[in-house]
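Asks: There's a structure below that I have some questions on.
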Amino acid sequence: MRKTFAFLALLALASPLSAETVAERAATCFACHGEHGQSTTENIPSLGGQQAPYALIQLFMFREKLRVFEPMNDMTKSFTDDDLRTFSDYIATLPKPAPPSDVGDPARMARAEALATANHCNSCHKPDFSGGDNVPRLANQREDYLAKTMREYKDNSRHGYDGTMAEVLQPVTPEQIADLAYYIARVH
Amino acid sequence: MTISLSASRSLLLAGAFFGAFTFAASAQQAAAPAAGAAPAAAPALPPGSPLIGRPDGEAAAKLAPVAAPPLAAAPDKLPLAKLKVPAGFNIEVYAAGMANARSLALSDKGTVFVGSRLVDKVYAITNKDGKREVKVLASGLYRPNGVAFHNGTLYIAELSKIDKIDNVDAVLDNPPKPTTIYDNLPKDEAHGWKFIAVGPDNKLYVPVGQPGNNVLHDDAHGQIRRMNLDGTGAEVYALGVRNSVGFDWNPENKQMYFTDNGRDWLSEDVPQDELNHVTKAGQDFGAPYCYQGNIPDPEFGWGHSCSDYVAPAGLMGPHTASLGMRFYTGDMFPKSYRNAIIVARHGSWNRTNKAGGDVVVVKLNKDGTVKSMEPLVTGFLQDNKYVGRPVDVMQLKDGSILVSDDWNGAVYRVSYGKAKVAAK
């Protein structure tokens, strides 16, 4: 009896939620990640145009607390595997972030481009930084978020899904990280 | 046994942890360095990126490491129909639903333990009256890739520590948090995940890989260590090890064989992964100075000769990621398989036409070198894409072989003859 009640209560709670379309449910995401996933908030990434397999990995890691950021851990804790897939597929359909109107200081852009080539960022992330599969799109991501993420990978405070980024950032200095973020945020 | 050498190595090792050396490359290359002869502390490790060394050019730029999906495939989505075994052999799904299933261990009661690398869990596959069930035995671990079972205890190798659960078969339904027995390990992500096994000397063996594709590592890396079952008495057992994710001991002479992954970006076809044969403690297998026994590294090989290092017993193919391996001691497979090594080759990423992605049988000559290598399970690689990736193998009591697949989060069973279904 009590079980039935609990089940009904759960159903009552769950059904309006699941009846919502993913676009409706995503309104919560946009509160922080910006309208249609175009972030205007410091250190919060834009989601638009992100590779679905990468987004799935991140949502999974948030749910499993393999990547620790409390608001995202809370947001995803009741997600089913299908929820993870639905949201990651949806994120990939959002418009990709536009390059900023500020084209950047040419000397710094050239220096950083050489650095990106030397460190082979453009290998996995592709020459246009659009990424592919488990490798994220970086092009025109927020500069502060790019720099923060590289710093966190380098000092192992953000655990990647695998060790690749921790490894490739070993030889990259903090000054170079700042240049790379500057360049990738403005890449055309 | 060269106890004195390994003892001096363990002194060196202790030294490294207390910061006496951050970069003892010269100690690494000397045959028997004097303990305490530390070179001046040097800056951080040199570049260790998997992409440094990549030649320019479009073809090379297309290659990138492949990551397994984070969710286990549903049982009906497993690629079983695509997997091929030789005539007379059968393959079936043993268990599924274990995201990122990696290394395997078997208890004396028939429980199969499964580690993971990209998630935080160790699973247990119980087997009661022919009914198998998957349980999460431990979670919240950090890259618990390695599992080993010995005298009732399960040993778990995380990225930078070793844990145990005593009497594990008695606590499957209510497992305690694993107890850490050893954590004097580097925390590098690169090649930091670990295989683990208990040797015939009742010691735990774990690899500590080089912290990058091709780096001049310090004295805490590029090796296989061994220690007592309680984590005491750690010492370096083998040197010049780039990234080993599998080893076992020859049942005939109790000597260790280990797989070692060759470096990336040298070329499409070399170096090949190594199958190495350890005949005594303290041997050096060459990384990063010499690969596959005869290729001096273009960057670090200057001033070194491949003849200074132990050459591999055999080569396992270029970039094939030869990982878990076990000697076959069962009666089920044909006689020619007896004491052969069964190796899981996870499959390449650093190669235009992917290689590996299969399970092979390696037969040895009397002198311990490799005589032949034949496929046992193929089909994980379809049209140059993975539909599955084998990580480890484990022999069941009936002589059949389990194969883990981290791409799908599943374990398969390979049997020979009419019996298609796992006994008990």
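The values are calculated or read from the model by the stated rules, or taken from the named source; none is laboratory data. These figures come from a predicted structure and were not determined experimentally. Neighbour counts run over all protein chains shown; Cβ positions are idealised from the backbone, glycine included. With ligands, DNA and RNA removed, areas are computed over all heavy atoms of the protein, side chains included. Shrake-Rupley method; radii C 1.70, N 1.55, O 1.52, S 1.80 Å.
Asks: Give me the residue from the stretch B:65-111 that is of a type in the set (Val, Ile, Thr) and not in a loop (DSSP other than H, G, I, E, B) and, out of that set, nearest to the other protein chains (Cβ to nearest Cβ).
Replies: B:VAL93
Asks: Related question: Would you check which residues across the stretch B:241-252 are more than 16 Å from B:VAL370 (Cβ to Cβ) and either touching a residue at least 60 places away in the same chain (Cβ under 8 Å) or among the small types (Gly, Ala, Ser) (or both) and list them?
Replies: Residues satisfying the conditions are B:SER244, B:VAL245, B:TRP249, B:PRO251.
Asks: Can you run down the residue pairs with Cβ atoms below 7 Å, 6 or more apart or on separate chains, where the first is in the stretch B:223-240 and farther than 11 Å from B:ASN184 by Cβ and the partner is among the acidic types (Asp, Glu)?
Replies: B:ARG226/B:GLU235; B:LEU239/B:ASP284; B:GLY240/B:ASP284
Asks: So, one more: Report yes if A:ALA112 is assigned to a helix (DSSP H, G or I) and modelled with pLDDT of 95 or more, otherwise no.
Replies: yes
Asks: Further question on the same structure: Which ones in the stretch B:346-392 are among the hydrophobic types (A, V, I, L, M, F, W, C) and at pLDDT below 95?
Replies: B:TRP349
Asks: Also: Quick one: how many residues across the stretch B:186-234 are in a loop (DSSP other than H, G, I, E, B) and away from chain A (no Cβ under 14 Å)?
Replies: The number of residues fulfilling the criteria is 17.
Asks: Go through the stretch A:174-185 and give me each residue that's in contact (Cβ under 8 Å) with a residue 24 or more places away in the chain and either in contact with a Leu (Cβ under 9 Å, 6 or more places away or on another chain) or within 14 Å of chain B (Cβ to nearest Cβ) (or both).
Replies: Once the filter is applied, which keeps residues that are in contact (Cβ under 8 Å) with a residue 24 or more places away in the chain and either in contact with a Leu (Cβ under 9 Å, 6 or more places away or on another chain) or within 14 Å of chain B (Cβ to nearest Cβ) (or both), the stretch A:174-185 yields A:GLN176, A:ILE177, A:ASP179, A:LEU180, A:ALA181, A:TYR182, A:TYR183, A:ILE184, A:ALA185.
Asks: In addition: In the stretch B:308-343, what residues are of a type in the set (A, V, I, L, M, F, W, C), more than 18 Å from B:GLY399 (Cβ to Cβ) and not in a loop (DSSP other than H, G, I, E, B)?
Replies: B:LEU315, B:MET316, B:LEU323
Asks: Is it the case that some residue within the stretch A:107-116 is open to solvent by 60 Å² or more (accessible area, probe 1.4 Å), within 22 Å of B:LEU141 (Cα to Cα) and away from every other protein chain (no Cβ under 13 Å)?
Replies: no
Asks: Between A:VAL103, A:VAL135, which is more than 14 Å from chain B (Cβ to nearest Cβ), touching a His at 6+ places or on another chain (Cβ under 9 Å) and of a type in the set (A, V, I, L, M)?
Replies: Sole residue among the options that is more than 14 Å from chain B (Cβ to nearest Cβ), touching a His at 6+ places or on another chain (Cβ under 9 Å) and of a type in the set (A, V, I, L, M): A:VAL103.
Asks: So if I check each of A:ASN122, A:ASN43, A:ASN73, which one is under 13 Å from the mean Cα position of the chain (by Cα) and surrounded by fewer than 21 Cβ atoms within 10 Å (Cβ to Cβ)?
Replies: Answer to the selection: A:ASN43.
Asks: Of everything in the stretch B:152-190, what is in contact (Cβ under 8 Å) with a residue 40 or more places away in the chain and surrounded by 23 or more Cβ atoms within 10 Å (Cβ to Cβ)? Give them in sequence order.
Replies: B:LEU154, B:TYR155, B:ILE156, B:ALA157, B:ILE162, B:VAL168, B:PRO178, B:ALA190
Asks: Out of all the residues in the stretch B:134-156, is one or more within 24 Å of B:ILE401 (Cβ to Cβ), part of a strand (DSSP E or B), of a type in the set (Lys, Arg) and modelled with pLDDT of 95 or more?
Replies: yes
Asks: Among the residues that make up the stretch A:84-100, is at least one of them at the interface with chain B (Cβ under 9 Å from one of its Cβ atoms) and either modelled with pLDDT under 95 or within 18 Å of the chain's Cα centre (by Cα) (or both)?
Replies: yes
Asks: Out of B:LEU376, B:LEU396, B:LEU402, B:LEU364, report the one residue that is crowded, with 24+ Cβ neighbours inside 10 Å, more than 19 Å from A:ASP162 (Cβ to Cβ) and touching a residue at least 40 places away in the same chain (Cβ under 8 Å).
Replies: That would be B:LEU376, the only listed residue that is crowded, with 24+ Cβ neighbours inside 10 Å, more than 19 Å from A:ASP162 (Cβ to Cβ) and touching a residue at least 40 places away in the same chain (Cβ under 8 Å).
Asks: Among the residues of the stretch B:112-133, how many are of a type in the set (Asp, Glu) and in a strand (DSSP E or B)?
Replies: The total comes to 1.
Asks: Still on this structure, please answer the following. How many of the residues making up the stretch B:66-99 are of a type in the set (Val, Ile, Thr) and modelled with pLDDT under 95?
Replies: 1
Asks: Which one of these is in a loop (DSSP other than H, G, I, E, B) and closer than 30 Å to A:GLU64 by Cβ: A:PRO100, A:PRO127, A:PRO95?
Replies: After ruling out the rest, the residue left standing is A:PRO95.
Asks: Any idea how many residues of the stretch A:148-173 are of a type outside the set (D, E, K, R), in contact with a helix residue (DSSP H, G or I) (Cβ under 7 Å, 6 or more places away or on another chain) and away from chain B (no Cβ under 12 Å)?
Replies: Selection size over the stretch A:148-173: 1.
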